[in-house]
Amino acid sequence: MDQPTIRDVRAILTSPGEGSLQKRLIVVKVETSEPGLYGLGCATFTQRHSAVRVVVDEFLRPLLMGRDPQRIEDLWQTLHVNAYWRSGPVMNNALSGVDMALWDLKGKLAGLPVYQLLGGKCREGAAVYRHADGAEPEEVEANVRRFMEQGLRYIRAQMGGYGGRGSDAPRPEGALPGAYFDPERHARSVVRLFDHLRATIGEDVELLHDVHERLVPIEAVRLAKALEPHRLFFLEDVLPPEQIEWFRLIRQQCTTPLAMGELFVNANEWKPLLEGRLIDFIRCHISAIGGLTPARKLATVCEHFGIRTAWHGPGDVSPVGHAANVHLDVSSLNFGVQEWAGFSELEQEMFPGCPEIRGAYAYPNDRPGLGIDVDEKLAAKYPCPEGVLDWTQTRTPDGTPAYP
Ligand code: MG
């Protein structure tokens with residue numbers, strides 16, 4: 001085979017749900033001069049999907065045409081700095097789509113799965129955590145038990161979704177519409193929930209909770225401290241990225257393990273937390289930081305600081321992105337746990353080769369590259385809906401806009 005060169009790059013958009021604004025998936029396909037040799041990468045930024053497409057198709061594609069797809073490190077840096085201003089979720093997701101596709105391609109050229117390129121497995125499967133929710137502690141308990149019966153060891157417990165069960169507190173006259181929640185009531189309800197779960201279920205399951213940055217900083221400190229006796233596996237996104245200095249206060253108060261980074265988009269956000277040993281798990285959204293290339297570097301740095309990985313794995317990551325997560329999970333010594341949303345039958349049909357979950361673990365498949373494909377004809381039947389997101393229009397009881 002002659003040295004392949006990049007022949008085409010394009011974004012594939014699809015929404016394999018029922019017109020859900022929250023399932024607008026973006027996958028980048030990098031095709032080469034070698035017939036049938038291509039790579040796929042995840043560029044999913046559900047909330048601004050078409051902006052990512054513009055960056056891929058109008059800015060990255062012309063830069064990449066005719067280049068050697070095997071120079072991943074070179075191309076990542078070239079694309080990263082080409083706009084002069086860099087980083088941010090739109091540009092990083094576009095970059096990730098290309099980056100993961102290049103890793104996929106390199107695996108196909110080598111005849112090896114990506115986890116082999118990353119150093120090989122140091123475990124056979126990646127332990128996952130699933131989400132249990134409910135309106136009352138008893139309902140959450142029932143859902144936790146259901147996952148335990150399926151063999152899961154790690155379960156995230158929420159009551160009423162992020163920020164708790166909304167707010168029925170009185171609003172000022174003329175208050176604007178929005179997704180209202182009550183931070184103080186939420187914080188109190190979380191303690192009540194975990195009191196109940198530990199009293200009824202005991203210690204034989206690892207429990208997690210996601211605050212989703214819904215608390216003011218001092219409430220976050222108080223919640224982490226109040227949950228300490230319940231030995232959480234971790235407390236997730238207890239503060240927004242804008243308030244990371246408060247992590248030091250939480251550390252001084254308690255030993256509740258902390259997971260942070262879902263919203264991070266550049267190294268300046270995680271460096272102080274690593275240097276200060278202020279978190280226990282890094283949980284970036286791999287495509288939002290620019291793909292596998294920066295994520296494997298971040299994982300390695302975290303290893304030296306005694307911090308484990310818990311990459312973001314919600315429903316609005318494409319199956320290609322989930323595959324990349326699992327390849328990195330099984331080959332990172334300091335892997336902690338993998339968030340797992342699961343795939344619908346339609347997604348599995350649209351993306352042949354989805355990583356599989358059996359019992360408590362997710363497994364990459366052993367095909368070369370990321371081991372996953374996309375049925376473009378099927379994807380085209382599910383165009384992304386246009387519309388305005390409601391759930392991120394969050395407000396606290398007096399009507400103030402808040403972090404979602
Ligand atoms: Mg989260």
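Rolling a 1.4 Å probe across all protein chains gives Leu333 an accessible area of roughly 120 Å². Placing pseudo-labels 7 Å out from each Cα toward the beta carbon at Gln150 and Ala341 gives an inter-label distance of 1.5 nm.
How much of the DSSP beta bridge set in the chain is antiparallel, as a percent to the nearest 5?
Numbers: 19 of 41 bridges.
Approximately 45 percent, going by the DSSP bridge assignments.
Computed over neighbours whose Cβ is under 13 Å from that of Val54, the net charge equals +2, Lys and Arg +1, Asp and Glu -1. Between Leu63 and Arg248, the simple spin-label model (points 7 angstrom out along Cα→Cβ) gives 3.6 nm.
Determine the order of Tyr363, Tyr180 by accessible area, beginning with the largest, at a probe radius of 1.4 Å.
Working: Tyr363 60, Tyr180 20 Å².
Descending accessible area places them as Tyr363, Tyr180.
Report, to the nearest whole %, how much of the accessible area of the stretch 251-333 belongs to carbon and sulfur atoms, 1.4 Å probe, protein only. The value for the stretch 251-333 is 50 percent carbon and sulfur by accessible area.
How would Ile282, Ile201 line up by accessible area, probe 1.4 Å, largest first?
Numbers: Ile282 0, Ile201 25 Å².
Reading off the accessible areas and sorting them downward yields Ile201, Ile282.
Classify the stretch 296-358 as rounded, prolate or oblate, taking a ≥ b ≥ c as the square roots of the eigenvalues of its Cα gyration tensor: rounded when a/c is under 1.5, otherwise prolate if a/b is larger than b/c and oblate if not. Prolate is the answer for the stretch 296-358, as a/c is 1.5 or above and a/b outweighs b/c.
Of the GluC sites (Glu not before Pro) found in the stretch 93-161, those that fall in a DSSP loop while having at most 12 other beta-carbon atoms within 10 Å are Glu124.
Rg/Rh for the stretch 116-366 stands at 0.97; both radii use Cα atoms, and Rh follows the Kirkwood definition. Using a Gaussian network model on the chain with a 10 Å cutoff between Cα atoms, which of Pro241, Pro294, Pro229 fluctuates the most? Of Pro241, Pro294, Pro229, the Gaussian network model singles out Pro229 as fluctuating most. Loop-resident chymotrypsin sites (Phe, Trp or Tyr not before Pro) (DSSP state other than H, G, I, E or B) in the stretch 78-143 with no more than 13 further Cβ atoms inside 10 Å of their Cβ: Tyr84, Trp85.
Rounded to the nearest 10 square angstrom, Thr400 shows an accessible area of 60 square angstrom against a 1.4 Å probe.
Rolling a 1.4 Å probe over the heavy atoms of the protein chains gives the stretch 6-113 an accessible area of 40 Å² per residue.
Sequentially through the stretch 275-289, phi angles give Karplus couplings (6.51, -1.76, 1.60; θ = phi - 60°) of 4, x, 6, 9, 10, 10, 9, 9, 10, 5, 8, 4, 6, 6, 9 Hz, Gly and Pro residues having no value and appearing as x.
Please report the relative contact order for the stretch 253-404, taking Cα pairs under 8 Å with a sequence separation of at least 6, and give it as a percent rounded to a whole number.
Working: 201 pairs, mean separation 23.9, N = 152.
After rounding, I find 16 percent.
The figure for His49 is an accessible area of roughly 10 square angstrom, using a 1.4 Å probe on the protein chains alone. What the phi angles of the stretch 291-303 give under the Karplus curve with 6.51, -1.76 and 1.60, with θ = phi - 60°, is a coupling list of x, 5, 4, x, 5, 5, 5, 4, 4, 5, 4, 4, 3 Hz, glycine and proline written as x. Computed from backbone phi with θ = phi - 60° and the Karplus coefficients 6.51, -1.76 and 1.60, the 3J(HN,Hα) list for the stretch 148-158 is 4, 5, 7, x, 6, 9, 10, 9, 8, 10, 10 Hz; x is used for glycine and proline. Summarising the label geometry, the points placed 7 Å from Cα in the beta-carbon direction at Lys297 and Met1 lie 2.7 nm from one another. Take the alpha carbon gyration tensor of the stretch 6-113, find the square roots of its eigenvalues, order them as a ≥ b ≥ c, and report rounded if a/c is under 1.5; if not, report prolate when a/b exceeds b/c, else oblate. Since a/c reaches 1.5 but b/c is at least a/b, the shape of the stretch 6-113 is classed as oblate. Close amide H partners of Thr309, meaning residues 5 or more places away or on another chain with modelled amide H under 5 Å apart, are Ile282, Phe335, Gly336, Val337.
Amide H to amide H distances under 5 Å link Gly261 with Asp237, Arg283, where only residues 5 or more positions off or on other chains count and H is placed in the peptide plane. Qualifying GluC sites (Glu not before Pro) in the stretch 163-210, where qualification requires a DSSP coil assignment and no more than 11 other C-beta atoms within 10 Å, comprise Glu173, Glu203.
The values are calculated or read from the model by the stated rules, or taken from the named source; none is laboratory data. What you see is a predicted model, and the numbers here were worked out from it, not measured in a lab. Positions of Cβ are backbone-derived with ideal geometry, glycine not excepted, and every protein chain shown enters the neighbour counts. The accessibility values were calculated without ligands, DNA or RNA, using every heavy atom of the protein model including side chains. Shrake-Rupley method; radii C 1.70, N 1.55, O 1.52, S 1.80 Å.
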